[in-house]
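*Asks:* One structure follows; several queries about it will come next.
None of the figures in this text is laboratory data; all of them are computed from the coordinates on show. The structure displayed is predicted, hence computed values, not measured ones. All Cβ positions, glycine included, derive from the backbone under ideal geometry; neighbour counts span all protein chains shown.
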Amino acid sequence: MGNVFGRKSRPSRVTEQDRAILQLKQQRDKLKHYQKRVTLQLEKERSLAKQLLKDGKKEKALVLLKKKRYQDQLLDKTEKQISNLERMVQDIEFVQIEMKVIEGLKVGNDCLKSMHEAMSLEDVERIMDETQDAIEYQRQIDEMLSGSLTQEDEDAVLSELEAITQGEDVELPEVPTEPLPEVPEPAETEPERRPARNKENREMLAA
């Protein structure tokens, strides 16, 4: 119970315009109800006037028709009032739409204004200049990576080539100072056998 009484009431979303529209529609519905009721009554009185004429009661029929004529005029006025109420309801609803559009435009203008204040014209010009410099720098890097040389680079290459052809010292690669690996010597057993065999052959030939 304490939570129920202690709960804060939410603000109503119904505006004064909404209340006005509701009242206008209620009045319109009442007039339509009155219009329908009078129309039914006029139909009955018209039938009654015909019956009075048949019965020969012309004076009563005439009075009844005069009353019917007056009520017809009231119906015409009621129809105009209903049209006025409906037109007023439409005007208020359209004004509500216009107000929402204006509020949206106001929010948009405030947003644009804050964005313009956050970035001045000088900031935009500086960013554009920095962007252009970055693009130019990237273009130079792309040209270097792609192998394309500028005229200045070409002149530098030709100057270096001319210096080489005129006999200037050219840097040669350094000679390694580390010792070469040792090669293993062949076995001596085989050469010692060969002289002994040659001596035996010479002795056989001499005999």
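*Asks:* Sum up the charges of everything whose Cβ sits under 14 Å from the Cβ of residue 75, counting Lys and Arg as +1 and Asp and Glu as -1, but leave residue 75 out.
*Replies:* Working: positive: 32, 36, 37, 46, 67, 68, 69, 77, 80; negative: 43, 45, 72, 76, 79.
Taking every Cβ under 14 Å from that of residue 75, the sum is +4.
*Asks:* What does the net charge come to around residue 109 if you take all other residues with beta carbon closer than 14 Å to its beta carbon, with K and R at +1 and D and E at -1? Provide the component values of the computation, followed by the final result.
*Replies:* Values: positive: 106, 113; negative: 103, 110, 117.
Combined, the nearby Lys, Arg, Asp and Glu give -1.
*Asks:* My understanding is that a pair violates if its Cα-Cα distance is over 18 Å; which of 36/68; 25/67; 25/80; 36/57 do that in this structure?
*Replies:* Numbers: 36/68 15 Å; 25/67 30 Å; 25/80 15 Å; 36/57 29 Å.
Too far apart for the 18 Å limit: 25/67; 36/57.
*Asks:* On to the next question. Under 19 Å from a label point 7 Å along Cα→Cβ of residue 71: give me every residue in region 12-40 with its amide N that close.
*Replies:* Hits in region 12-40 for residue 71 at 19 Å: 30-40.
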